[in-house]
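The structure appears below as structure tokens.
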Amino acid sequence: MNALRRTAALLEVLGVFVVGPLVMGLLVQWLGVPVTNPLRNLTAEATDAELVTVTRQMFVLLVFQYAGWFLLILPINWWHRRRGPAAYGLTTAGRSWKSLVLAGVATAALAAWPAYSVLLLDAVYELGETVPWRQALFDMSWRRWEFWLFMFVLSFGFIPIVEELFYRGYCQRRLAEDWGDGPAIIGTALMFVFAHGQYLILNAYNISFIVSLIVLAVGAGVVFAWTRSLIPSMVAHAIINVPMTPLWQGIVLLAFVIGAVLIARRGMAVLKQVFSNASVGACVALGVLGIGWAIAAQRIDHLRFVAIGMVVLAVGLEAAERRRARAVVDPNALHAAKVG
């Protein structure tokens, strides 16, 4: 594949990933909307009224966070002539809704059992601590609609839509254009997992959970590459994120294991198909870059200025490549003109 186009695609995705929060900050400042991260002060003793307030704050924060990214992505895609919902995976891609939903359930069955195993093991042996806000969610009462409203926004309702739209619908799709599906899946999956800073704590729980999340993220990437629709990955993401007690986790884990055994051959065939032309070196390179960039973005404030330059350079390289392509004369068209 064209090295210049590969470089441009990589610079664009990595640059947008870091510049998006900067655009978010400018947007918040321009509109004068108060945006806070309610997770910092969340405790297990949060009242019903406090949970409603936290839910509203979380929704506003997420809306502005993803608006920051897509205010960059939309004009870039428009310039690339990637327009309409289908350009972001918001399509059935010629398949029935039933088949896409079933593909999402199958993906959850094949890719979620490691995560459920870790959660069940932690419930018995306490593998290690997690961040305070996650522990607060585990410890607070779940027997109230306010909790489930909050989790709908944070976990299994709103988050699966916006995260899949950004990571698979933009990052993976953009990288796949010039790197192929395999490297794009690996690079995006690892960037997605390590962007979740709540798991970057060195203990048995978080290390094992990161490994299980990588399996989940790769599964979501594979089903998106196979169907060209975000519906299955959104369904799988939502199923996986539903809060469950250890009893229900055990029941679902058993169902997933049975389901995985029944469809393992089909799942392996899809995996081989998606990765059939993937370069191992490209997969490793994008994987390492995805991990390093996601961690650096959380710890190096001045990286945003480098990222701005990366986005500008990416657009410049793509413009140069477009001009070069237009300058190449089609021999058949030239011959036709001479004959005419």
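Laboratory data are not the source of any read-out in this text; all were calculated from the coordinates shown. Keep in mind the model is a prediction, meaning the values are calculated, not measured. So basically every Cβ, Gly included, is an ideal-geometry build from the backbone, and we count neighbours across all protein chains shown.
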Out of the residues in the stretch 40-76 that are in contact (Cβ under 8 Å) with a residue 40 or more places away in the chain and either on the phi > 0 side of the Ramachandran plot or of a type in the set (S, T, N, Q) (or both), state the one that is surrounded by the most Cβ atoms within 10 Å (Cβ to Cβ).
-> T55
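Tell me, which helices (runs of 4 or more DSSP H) lie completely within the stretch 226-323 with 2 or more residues that are of a type outside the set (A, V, I, L, M, F, W, C) and over 23 Å from the mean Cα position of the chain (by Cα)?
Numbers: elements: 231-241, 246-274, 280-299.
Result: 246-274.
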Do you know which of the residues in the stretch 176-215 that are in contact with an Asp or Glu (Cβ under 9 Å, 6 or more places away or on another chain) and assigned to a helix (DSSP H, G or I) is surrounded by the most Cβ atoms within 10 Å (Cβ to Cβ)?
-> A184
Quick one: count up the residues across the stretch 281-309 that are among the aliphatic types (A, V, I, L, M) and under 15 Å from V218 (Cα atoms).
-> 4
Pair list, Cβ < 6 Å and 6+ apart or interchain, from the stretch 109-122 residues that are within 14 Å of L216 (Cα to Cα) and in contact (Cβ under 8 Å) with a residue 24 or more places away in the chain to residues that are surrounded by 22 or more Cβ atoms within 10 Å (Cβ to Cβ) and among the charged types (D, E, K, R) = none
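Out of curiosity, is W145 more than 28 Å from Y205 (Cα to Cα) and within 24 Å of the chain's Cα centre (by Cα)?
So W145 fails the test.
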Could you give me the residue pairs with C-beta distances under 6 Å whose first residue belongs to the stretch 135-147 and is assigned to a helix (DSSP H, G or I), whose second residue is surrounded by fewer than 18 Cβ atoms within 10 Å (Cβ to Cβ) and of a type in the set (D, E, K, R) wherever it lies, and which are 6+ apart or on separate chains?
-> E146/D48
Has the stretch 14-21 got any residue that is surrounded by fewer than 21 Cβ atoms within 10 Å (Cβ to Cβ) and at negative phi?
-> yes
Hey, can you tell me all the residues within the stretch 77-93 that are farther than 16 Å from L165 by Cα and surrounded by fewer than 15 Cβ atoms within 10 Å (Cβ to Cβ)?
-> W78, W79, R81
